[in-house]
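Asks: Structure in structure tokens, see below.
The values are calculated or read from the model by the stated rules, or taken from the named source; none is laboratory data. Keep in mind that this is a model prediction, so the values were computed, not measured. We place every Cβ from the backbone using ideal geometry, glycine too, and count neighbours over all the protein chains shown. Heavy atoms of the whole protein, side chains included, go into the accessibility calculation; ligands, DNA and RNA do not. Shrake-Rupley method; radii C 1.70, N 1.55, O 1.52, S 1.80 Å.
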Amino acid sequence: MLLELFPYLSALLVEEVERRPDKVVLRTRVRAASGSCRCGQSSARVHGRYVRKLRDVAVGGLGVVIELRIRRFRCENTACSAVTFAEQIVGLTTPHSRQTPLLRAVLTRIGLALAGRAGARLACAVGITVGKDTLLRLVRALPEPEVGEVEVLGVDDFAFRKGRHYGTVLIDMATHRPLHLYEGREGEDLAAWLCDHPEVKVICRDRSSGYAEGARIGAPQAEQVADRYHLWANLGQAVEKTVNGHRSRLAEPSLEPADTPDEPQVVRLPAELKIVTRLREQHAAANELWQQGCRRRGSAGNSDCTRPLSANWLTPPPRTTSSPKACSGRTSSTRMSATCTGAGTMASETPPSSTARFRNRATPEASWPSNGICGSTAPGVDTHPIRGRSLRRSARSPHGS
């Protein structure tokens with residue numbers, strides 16, 4: 001069953017299979033009794049043994065590690081420069097390799113598709129741990145693809161540094177794959193490449209005189225045509241040049257206002273946002289509680305509200321002028337700073353609490369002026385000249401007067 005899943009392990013004898021939390025380990029050894037040296041001489045004289053670890057493709061989301069017990073043989077060929085050699089398994093091992101050919105092929109395809117960082121993330125997602133540098137090294141190790149017969153050749157320039165340094169790219173128009181790159185935009189290099197490829201029949205290029213001369217010298221049998229992009233670009237430049245040359249003949253724009261369409265009779269306002277509607281309802285509810293005499297949230301039979309009503313939710317009362325008598329009489333001594341500190345100062349919109357902060361007695365609620373000058377205070381109350389706070393002497397104080 002195991003050999004059906006891993007047919008490339010047919011030359012090995014699997015002695016043990018161990019599953020770990022992050023990988024599966026296969027302990028194996030070679031079935032053959034002898035090994036072949038690179039000179040072609042076969043030998044059965046074992047010189048030593050060691051364990052070699054090869055990484056394989058993942059199975060069930062877990063990485064596979066093949067622990068292979070390798071034998072080192074003594075070469076019996078006296079003319080061979082190698083005294084000893086390690087056995088290699090065809091289709092499974094290569095000298096100094098730590099990956100199986102199947103895993104190397106998978107990583108190479110991932111590197112070609114996604115390059116370094118993205119390819120490493122995808123490989124980790126399928127159970128293969130690999131670094132970005134390894135993927136790039138596998139891509140660079142690939143041989144250059146062979147250039148077959150090219151019948152339609154595309155020639156165009158590109159910028160290494162725009163305005164400073166340019167190069168030329170040659171493309172196979174049938175497969176849209178780049179064939180060759182060289183620095184500069186001269187025709188000599190193009191002619192040299194075309195001399196090695198006499199099968200070119202059509203050369204698709206821009207209107208550069210250098211490319212035209214190189215194509216004529218290197219491939220006189222080829223037909224030179226312009227590609228679609230350069231045709232549209234040249235057409236646009238020609239139209240722009242013509243319009244700029246006849247700009248003075250263009251008619252001046254009319255100063256008469258253009259006929260505007262009739263405005264609609266019914267103008268529909270945009271729908272109000274949900275957050276605006278919710279804020280408007282909360283504002284109306286807070287003002288209604290304030291008008292009913294509720295000074296704290298939850299005081300009117302609503303037990304889930306315990307915070308005072310915020311002044312931001314309340315509509316300020318109209319500004320009226322109050323007489324100095326408004327501050328006379330028995331008033332609360334807790335919040336007089338906003339009322340008795342200067343002329344024309346707005347009073348606090350939040351009335352004082354019904355319970356005084358002092359231990360001597362409770363102060364009843366009193367009416368608060370909205371605006372005015374407080375010329376007098378309650379009997380027995382001293383007003384701080386700076387802070388404007390009432391200082392009531394306690395009757396229980398040993399120094400009371």
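Asks: Within the range 115-125, count every residue that is under 17 Å from residue 58 (Cβ atoms) and either touching a helix residue (DSSP H, G or I) at 6+ places or on another chain (Cβ under 9 Å) or buried (at least 21 other Cβ atoms within 10 Å of the Cβ) (or both).
Replies: Going through the range 115-125, the residues under 17 Å from residue 58 (Cβ atoms) turn out to be 119-125.
This time we only want the ones that are either touching a helix residue (DSSP H, G or I) at 6+ places or on another chain (Cβ under 9 Å) or buried (at least 21 other Cβ atoms within 10 Å of the Cβ) (or both), so: 119-123.
Of the residues in the range 115-125, 5 are under 17 Å from residue 58 (Cβ atoms) and either touching a helix residue (DSSP H, G or I) at 6+ places or on another chain (Cβ under 9 Å) or buried (at least 21 other Cβ atoms within 10 Å of the Cβ) (or both).
Asks: Considering only residues of the range 150-171 that are surrounded by 13 or more Cβ atoms within 10 Å (Cβ to Cβ) and under 36 Å from the mean Cα position of the chain (by Cα), which is farthest from residue 202 (Cα to Cα)?
Replies: 166
Asks: Separate question: Within the range 16-103, considering only strands (runs of 3 or more DSSP E) that don't extend past its boundaries, which have at least 1 residues that are open to solvent by 60 Å² or more (accessible area, probe 1.4 Å) and in contact with a His (Cβ under 8 Å, 6 or more places away or on another chain)? Let's see the steps before the verdict.
Replies: Numbers: elements: 23-30, 46-59, 62-74, 84-86.
Here the list reads 62-74.
Asks: Same structure, new question: Go over the candidates 152, 147, 46, 64 one by one and state the one that is in contact with a Lys or Arg (Cβ under 8 Å, 6 or more places away or on another chain) and under 30 Å from residue 220 (Cβ atoms). Outline the logic, then answer.
Replies: On the way: 147 fails: in contact with a Lys or Arg (Cβ under 8 Å, 6 or more places away or on another chain); 46 fails: under 30 Å from residue 220 (Cβ atoms); 64 fails: under 30 Å from residue 220 (Cβ atoms).
That would be 152, the only listed residue that is in contact with a Lys or Arg (Cβ under 8 Å, 6 or more places away or on another chain) and under 30 Å from residue 220 (Cβ atoms).
Asks: Is there a residue being touching a residue at least 60 places away in the same chain (Cβ under 8 Å) and open to solvent by 70 Å² or more (accessible area, probe 1.4 Å) anywhere in the range 127-142? Before you say what the answer is, go through the steps one by one.
Replies: Our first condition is that a residue be touching a residue at least 60 places away in the same chain (Cβ under 8 Å); within the range 127-142, this holds for 127-129.
Those still in the list that are open to solvent by 70 Å² or more (accessible area, probe 1.4 Å) too: 129.
The answer is yes, given that some residue of the range 127-142 is touching a residue at least 60 places away in the same chain (Cβ under 8 Å) and open to solvent by 70 Å² or more (accessible area, probe 1.4 Å).
Asks: Failed condition for residue 172, given (1) closer than 17 Å to residue 198 by Cβ; (2) touching a helix residue (DSSP H, G or I) at 6+ places or on another chain (Cβ under 9 Å), with all others met?
Replies: Answer for residue 172: the failing condition is (2).
Asks: Let me ask something additional. Quick one: would you say residue 203 is under 31 Å from the mean Cα position of the chain (by Cα), on the phi < 0 side of the Ramachandran plot, touching a residue at least 40 places away in the same chain (Cβ under 8 Å) and surrounded by 12 or more Cβ atoms within 10 Å (Cβ to Cβ)?
Replies: On the way: under 31 Å from the mean Cα position of the chain (by Cα): no; on the phi < 0 side of the Ramachandran plot: yes; touching a residue at least 40 places away in the same chain (Cβ under 8 Å): yes; surrounded by 12 or more Cβ atoms within 10 Å (Cβ to Cβ): yes.
No, not satisfied.
A quick yes/no check of all residues on (1) in contact with a Cys (Cβ under 9 Å, 6 or more places away or on another chain); (2) modelled with pLDDT under 85; (3) within 30 Å of residue 131 (Cα to Cα):
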position	(1), (2), (3)
2	no, yes, yes
6	no, yes, yes
51	no, no, yes
61	no, yes, yes
71	no, no, no
76	yes, no, no
94	no, no, yes
99	no, no, yes
103	no, no, yes
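Asks: Condition first: in contact (Cβ under 8 Å) with a residue 40 or more places away in the chain, in contact with a Ser or Thr (Cβ under 9 Å, 6 or more places away or on another chain) and outside any strand (DSSP E or B). Now tell me which residues in the range 1-15 satisfy that.
Replies: 8, 9
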